[in-house]
Ligand SMILES: Cc1cc2nc3c(=O)[nH]c(=O)nc-3n(C[C@H](O)[C@H](O)[C@H](O)COP(=O)(O)OP(=O)(O)OC[C@H]3O[C@@H](n4cnc5c(N)ncnc54)[C@H](O)[C@@H]3O)c2cc1C
């Protein structure tokens, strides 16, 4: 294959790659995407029912701040694909409904009356069909990840998309990053490379002495068909519900006069099987009964009508891994999106495009005596992405100790080539 000159080389055509490609293309950059799969979204993003959930996360303030910002970014990034129908976040059963306290917590998290409303079970029942205490997020949405990826990786000016292309390793020649195939031949090169390849990133950067603590978490989602005469009908949600798992609003099919309920997901750590599991079917039926507050519901009336199984990629600290690798100029990572592909992909696109931009600004200024602050990084700060948040998601958090001191220096970048790095 010939060596094309692209601005950005991107590995991975899932939702992370889609958000990043989209953002660079909007800036007029030339993007080449390599993916091992036969079509876009052939990995975990082969998912038609993903929630984009703003959410109140009381136990983890940093995650709350990141989620709030990422939700706003996702709203913009995914606009054409965004189905804004609202999401109801049910409080954990057994939790007291303290409206004043919830309002105070929501306010602290950045929400206002228009974007989040605590609801008592009786009000929730009227609005969502489900009689549970919780919080209504009217701007909550769902998106079809698979369709979104297919659209973004369809023909576009300045985009080259290569399916069936496995990147086996990387190398750096001092100016360009090369994506190499299994024989060590260069597939493509560019000054900036972005690894948006979920679990695949681990092996690619292991050669560069970076140990990403990624683990697989299998998840199964079920579609259940429910007859129009079932007692479940009185409990079916008219809005998406999140809590212990989640479900989408039940849809009525006129032709068969049945209802379809989508419920998920199982969370099976260190499992990678893509097979549909009967134990997960049962788990999701039980989840449906709990979510919809219908513990005595007859589970045999939830008829299996479809499954989606995917393997999430999660970091050990349950935060995504997003951003430049400080020791390796031009190398960017966007992985460990966990259960939040919609939100973290949009966050990754904002951070990585700004960091690439900042590096170009820096190179343009090289040799000049004035140190102008980066306009691109100032833009991130304006979005609320302060240094502590950027550090919390940065791949740099896995560098300390993993790199010998000489390699961890920022001012003196090293250029590892192939697997000969120590
Ligand atoms: C059951 C379940 C329910 C979920 N529900 C939600 C939800 O409601 N809301 C939400 O936001 N998220 C949800 N998620 C999470 C979401 O699906 C993921 O976070 C997201 O799809 C991950 O996207 P990705 O682009 O990082 O990875 P992927 O979609 O897996 O894409 C990675 C791509 O990289 C390619 N690749 C890997 N290695 C290489 C290599 N060496 N060379 C070339 N290509 C390579 C693969 O072929 C693949 O196409 C759910 C996940 C599961 C399993």
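Structure data summary
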| item | result |
| --- | --- |
| Residue match in the range 211-230 (condition: modelled with pLDDT under 95, farther than 30 Å from residue 131 by Cβ and either away from the ligand (no atom under 15 Å from the Cβ) or surrounded by fewer than 19 Cβ atoms within 10 Å (Cβ to Cβ) (or both)) | yes |
| Qualifying residues in the range 80-97 (those that are within 9 Å of residue 243 (Cα to Cα) and in contact with a strand residue (DSSP E or B) (Cβ under 6 Å, 6 or more places away or on another chain)) - the one surrounded by the most Cβ atoms within 10 Å (Cβ to Cβ) | 88 |
| Residues that are within 8 Å of the ligand (Cβ to nearest atom) and either buried (at least 24 other Cβ atoms within 10 Å of the Cβ) or free of Cβ contacts under 8 Å to residues at least 24 places away in the same chain (or both), drawn from the range 10-41 | 11, 12, 13, 14, 15, 16, 17, 18, 34, 35, 40, 41 |
| Subset of the range 55-72 [closer than 17 Å to residue 92 by Cα and within 15 Å of the ligand (Cβ to nearest atom)] | 55, 57 |
| Test: residue in the range 286-301 that is without any contact (Cβ under 8 Å) to a residue 12 or more places away in the chain, part of a loop (DSSP other than H, G, I, E, B), away from the ligand (no atom under 16 Å from the Cβ) and surrounded by fewer than 19 Cβ atoms within 10 Å (Cβ to Cβ) | yes |
| Single residue of the range 331-381 satisfying the filter (touching a strand residue (DSSP E or B) at 6+ places or on another chain (Cβ under 7 Å) and assigned to a loop (DSSP other than H, G, I, E, B)) that is farthest from the ligand (Cβ to nearest atom) | 336 |
| Residues of the range 168-209 that turn out to be within 12 Å of the ligand (Cβ to nearest atom) and touching a helix residue (DSSP H, G or I) at 6+ places or on another chain (Cβ under 6 Å), as a count | 5 |
| So residue 345, is it under 30 Å from residue 193 (Cα atoms) and in contact with a helix residue (DSSP H, G or I) (Cβ under 6 Å, 6 or more places away or on another chain) | yes |
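The values are calculated or read from the model by the stated rules, or taken from the named source; none is laboratory data. Predicted model only: the values in this text are computed from it and were never measured. Neighbour counts are summed over all protein chains in view; Cβ atoms, including those assigned to glycine, are modelled from backbone coordinates with ideal geometry.
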